[in-house]
Structures are given as C-alpha cells and as structure tokens.
Amino acid sequence: MNLIEPAFDLADPRTWDNVGKPWPSNEQRMLTCCRVIDETHDVRTFQFRTDDGLPVRFEPGQFMTVSASARGRPVERCYTISSPPTRPYLLSITVKRVAGGVMSNWLHEDMRPGCRLQAYGPSGTFTPTVSSAPKLLYLSAGSGVTPLMSMTRASIDLGLDRDIAFVHSARTPADIVFQKELHRLAALSPRLRVFFVCEGTGDEPDWTGPTGRLNLRLLAERIPDYAERETFTCGPAGYMSAVKKLLDEGGCDPERYHQERFDIAPPAGFEDDIVAQTTFTVRLARSARSFTMNASETVLAAAKRNGVAIASSCSQGVCGTCKTKLIEGDVDMRHNGGIRDREVQKGFRLLCCSRPSSDLLLDL
Ligand code: FES
C-alpha cells in the first residue's frame, strides 16, 4: 500500500505551528484530568485537558513539568507527553509507579477524572523535527517508550509513509507498555515494524518473542538496514549507554543518533570552575525588583535565595522550564540540551545553568 505524502512532515516545524495554541514552557496552567487508563500492572496513562479547553501546540517527543502538592509536599516532575500533537485537545502522560516515588504514587493513588493539576508548557528538543531522514529507528526501554509513542502516533495520524522500525525492551511481557496499540498501528501501516525484547518471560511462559537484552545480532536479524536509519533512543541511563555502544560497534553514524537525556550529571567542568568572587546586580524588568549575586552561583539559585519565584524543574539545563529572556548583560550558560540555538540567538537563557559575567536585566 502506498500512501500519499501530506504537505507537511514530522520533521517540518510548520506541521506543529499549525496545530493548537502556543503554551510557553515557563507559564503555569491548570489541567483537568479526563481519563485514567491502566496500561500495565504498574503503568497508567493520565489524560488531561486545559482549563480553557483549547488545543495545545507541541512537538512529538516533548515533555511537560507538572507540579503538585503530593502528600503535603510540593513536588515538580518532568513527564513526556505520550499523546501526539495531532490530537491537541488532550495531553497525556504515561507514568510508571516507582517505589518511594512521591509524584508517581500520588498520581496513581489520587489522580482521578475531575482532579486538577498544575503544569508548565511543553518543552524539550528530543523531537523528530531535528531530522527529515526517511528511515527511522526507535529504540526504547521501560517508560522510555512514551516520546517514541507520541512520534509514532503522530506519524500514523498524519498518514505518513515514513519507514519506522520500533524496538522496545521490557523486563517481562507483562511490562510492555502500549503492546496492543503498537501491534494495531503496525497492522495499519505497512512501513511501521514493531518488535519487543523481554529480559525474561515472567508469568507468560508462552512468550514467543526474543528474550534477553537487545544485541547486535538480534538487531541485524530483525532490522538489517539499522545502520542506515536515523536513531531515536529513550530509556534508563544504563540502557541508553548500552544501546549507544552497540550502535557504535555496528558502524552507525553518531551524527544520526538522538537520545532523551534526563538523569544526567551537572555539565562537565561547571562544578570545577574557579570563579572570581565578583558580585553582580540582577534587575527584573517587569517586576522592577533587583538583587545582587555572586558570580559563582547560578542565576536561578540566586533568584530563589532572594525570594524570586522562577519556574524550574531539573536544575540541570535539560528541561527548559527556567528559560528566560536576557535583555541586557552576559552569562556563561552550560546547558544539557534544554534550549535550541535559535532560542539562544533570540536572547533566551536557562537560568539554572547560567552564571553571570556582568550585571543582568531579565525579562521577569
Ligand atoms: Fe530545567 Fe533549567 S530547570 S533547564
């Protein structure tokens, strides 16, 4: 079956500019839960709509920072949006219940249709707009399936004829998130191939799929042209480093490898800098407030110390939540992918990973 390519593609940012209304990543809004779906024994999808009921603009693969008072504690967490931007009236997050995890347990126990939650607008650079490659390889493990699911759903909703090979790894067959839906989507689209690798069979001894860990032999057997594909990977840090090693051994081009980065160390060298104990003044244009800070601290840390509320989440230059326009002055910013070059050119900076090198005027 041949599909006719639509005017826009996953990789074309105009596709997403045409869908929904913008919601800046530093702006908080209320969301209302519409539906809770059990995906596996410990993973649930929570569907939300905005308070004004209007569609939201985002790109597949982006995430939201949600904030709540969970068990009496204020908590903020980043969750990838698992729904596609082609369905902009509902925003879904798919959350695994983690032992001891305050937010995930609160969501699983207390979040019901009608409950409300605060969230910052969509953010993140792990999206297919970075590449227009015709052949894609999606590799995920555990909850890392969510951004790739958003990309796959968007691709199918747009009727795209792009060639996607999707390999998801799980602990056991019972832990495979979106298993039925991925099989259904693969049946709809001849150019979507899906297979699952389970570490063990768990309670399903009849499992006929591959077991163990993903390896080069298995990948080459199922996806012989894997090295020709643009690769998007998301999963736990150990999985991603194993996958990167495996693809390097397989001769894949590192320039065509993209991964979601959440659990990372502070930017290299940032902790070790010897910064002169210089003091700078930071002025806030909109609130007409000001404070002084030392050159050795981040602007976000100094703002918080001075009682200035700035939206933030990861504090590692990843999520983009603290993105703020710098009107005057210079900072040394060492981010981890949470901001795009074009945003930097427009004067935006991530305050959680920026240290001042002059007095500053911020658009706050
Ligand atoms: Fe996440 Fe600054 S708080 S990038």
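The values are calculated or read from the model by the stated rules, or taken from the named source; none is laboratory data. Please read all numbers here as calculations on a predicted model, not as lab measurements. Backbone-built Cβ (ideal geometry, glycine too); neighbour counts: all protein chains shown. Please note that ligands, DNA and RNA were not included when accessible areas were found on the heavy atoms of the full protein model with its side chains. Shrake-Rupley method; radii C 1.70, N 1.55, O 1.52, S 1.80 Å.
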Within the stretch 335-346, restricting to residues that are in a loop (DSSP other than H, G, I, E, B) and away from the ligand (no atom under 11 Å from the Cβ), the one that is least open to solvent (accessible area, probe 1.4 Å) is R340
- Task: Check whether at least one residue in the stretch 112-126 is under 30 Å from P224 (Cβ atoms), of a type in the set (A, V, I, L, M) and not in a loop (DSSP other than H, G, I, E, B), and report yes or no.
- Result: no
Counting only residues that are touching a Leu at 6+ places or on another chain (Cβ under 7 Å), among the hydrophobic types (A, V, I, L, M, F, W, C) and away from the ligand (no atom under 12 Å from the Cβ), the stretch 285-300 contains a total of 1
Worksheet item: Before we move on, is G142 open to solvent by 10 Å² or more (accessible area, probe 1.4 Å), more than 27 Å from L182 (Cα to Cα) and among the small types (G, A, S)?
Response: no
When every residue in the stretch 301-329 that is among the basic types (K, R) and within 13 Å of the ligand (Cβ to nearest atom) is compared, the one modelled with the highest pLDDT is K323
Picked from the stretch 347-362 (must be part of a loop (DSSP other than H, G, I, E, B) and under 20 Å from S287 (Cβ atoms)), the residue farthest from the ligand (Cβ to nearest atom) is D359
Reported set for the stretch 42-82 where residues are modelled with pLDDT of 90 or more, touching a Pro at 6+ places or on another chain (Cβ under 9 Å) and either open to solvent by less than 10 Å² (accessible area, probe 1.4 Å) or within 20 Å of T321 (Cα to Cα) (or both) is V56, R57, F58, E59, P60, G61, Q62, T80, I81, S82
Residue hits (the stretch 313-334; closer than 22 Å to N294 by Cβ, hydroxyl-bearing (S, T, Y) and either part of a strand (DSSP E or B) or in contact with a strand residue (DSSP E or B) (Cβ under 8 Å, 6 or more places away or on another chain) (or both)) are T324
In the set G124, G100, the lone residue that is open to solvent by 30 Å² or more (accessible area, probe 1.4 Å) and at positive phi is G100
When restricted to P88, P24, P84, P60, the only residue part of a loop (DSSP other than H, G, I, E, B), in contact (Cβ under 8 Å) with a residue 24 or more places away in the chain and over 29 Å from K135 (Cβ atoms) is P24
Scanning the stretch 171-214 for residues that are hydroxyl-bearing (S, T, Y) and assigned to a loop (DSSP other than H, G, I, E, B), the one most open to solvent (accessible area, probe 1.4 Å) turns out to be T208
Within the stretch 228-246, residues open to solvent by 40 Å² or more (accessible area, probe 1.4 Å) and of a type in the set (G, A, S) come out as A237, G238, S241, A242
Filtering the stretch 280-307 down to residues that are in contact with a Ser or Thr (Cβ under 8 Å, 6 or more places away or on another chain) and part of a loop (DSSP other than H, G, I, E, B) yields A295, T298
